[in-house]
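Step one of this worksheet: look at the structure below.
The values are calculated or read from the model by the stated rules, or taken from the named source; none is laboratory data. Bear in mind the structure is a predicted one, so any value in this text is a computation, not a measurement. Don't worry about glycine lacking a Cβ; one is built from the backbone with ideal geometry, like all the others, and counts go over all protein chains shown. Areas reflect the complete protein model, heavy atoms only, side chains present, ligands, DNA and RNA absent. Shrake-Rupley method; radii C 1.70, N 1.55, O 1.52, S 1.80 Å.
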Amino acid sequence: MRDDDAALLPRLGDAIAGQLATGTVKGLACLLVAWICSSWIALDTAFGTFAIALAISYLLSEILGAIIVRPIVLKERRPNPGGVLYVVLPFVVSIMVSFAAAYAVTSSLRDSSFVTVLVAACNAAEILWIKPWVPGPSPEEMAAKFNEFKAMTKDHFADDVAEVKRRARERTREQYYAKKAREEAKRLKKQKRDEDQR
């Protein structure tokens, strides 16, 4: 990959931050569902411990998901390269990591399974909603769209820009002549005062 191509792609840290942002929303949604379900599903641990297990599960699975798909992003030179591997790898990792992290926190197969089902269901809903298997635009395509939008905006507002520039020139000219007139008036006043003193 060329250096300029790499510069157009989001850095790994940015990708992880984005994953954590969406993971926070999904985690809160899962926590709400878990709290609603806890009224008829008995947990082996306290709900607070369950919530910690869910948070750790999402934290680890989102970070690992971003790291795992990074080689695909770099190879395809697209922030969203699409394809089966791009979708399946992070999904499978999230299931495995969620179960392991939840079991490490709760030591309960039932609670770990519940966390895993919640994470899998929420991630599956996200996948169906945003359709990440469809390749997104390449950096070059995004740059071309941006340049096209910039050119269209420039054409659209060309008359307005010309009018603003014309008014600015007129205002500058008026200010210049007003200043010159004030200076001339001061000069004449001083000259008259000097003549009166003689």
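Tell me which lysines have Cα within less than 21 Å of Lys131's Cα, excluding those fewer than 8 residues away on the same chain?
Cα-Cα hits under 21 Å: Lys26, Lys75.
Tell me, what is the per residue accessible area of the chain in Å², probe radius 1.4 Å?
Result: 68 Å² per residue.
Going by alpha carbons, how many degrees (0 to 90, nearest 10) lie between the helix axis of 47-76 and the longest principal axis of the chain?
Taking Cα atoms only, the helix is inclined about 70 degrees.
Once amide H atoms are built 1.01 Å from N in the peptide plane, which residues 5 or more positions from Leu43, or in another chain, come under 5 Å H to H?
none
Compute the FRET efficiency between Arg169 and Ala143 as 1/(1 + (r/R0)^6), taking r as their Cβ-Cβ distance and R0 = 25 Å, and round to the nearest 0.05.
Rounded to the nearest 0.05, the efficiency is 0.15.
Using per-residue counts of other Cβ atoms within 10 Å, averaged over each peptide, order 144-150, 114-120, 127-133 from highest down.
Taking the mean over residues of other Cβ atoms within 10 Å, the ranking is 114-120, 127-133, 144-150.
Where Rh is the Kirkwood radius over the Cα pairs of the chain, the temperature 25 °C and the viscosity 0.890 mPa s, what D in µm²/s does Stokes-Einstein return?
Using the Kirkwood radius from Cα pairs, D works out to 112 µm²/s.
Return the FRET efficiency for the residue pair Ala125, Phe157: r is the Cβ-Cβ distance, R0 is 41 Å, and the value is rounded to the nearest 0.05.
E between Ala125 and Phe157, to the nearest 0.05, is 0.50.
Probe radius 1.4 Å, ligands and nucleic acids ignored: give me the carbon and sulfur share of the accessible area of the chain as a rounded percent. Mind showing how you got there, number by number?
Values: 8780 of 13510 Å².
The computed percentage sits at 65.
So what J values fall out for region 107-118 if you push phi through Karplus, 6.51 cos²θ - 1.76 cosθ + 1.60 with θ = phi - 60°, rounded to Hz, Gly and Pro as x?
Listing the rounded values in order: 6, 10, 5, 5, 5, 5, 5, 5, 4, 5, 5, 4 Hz.
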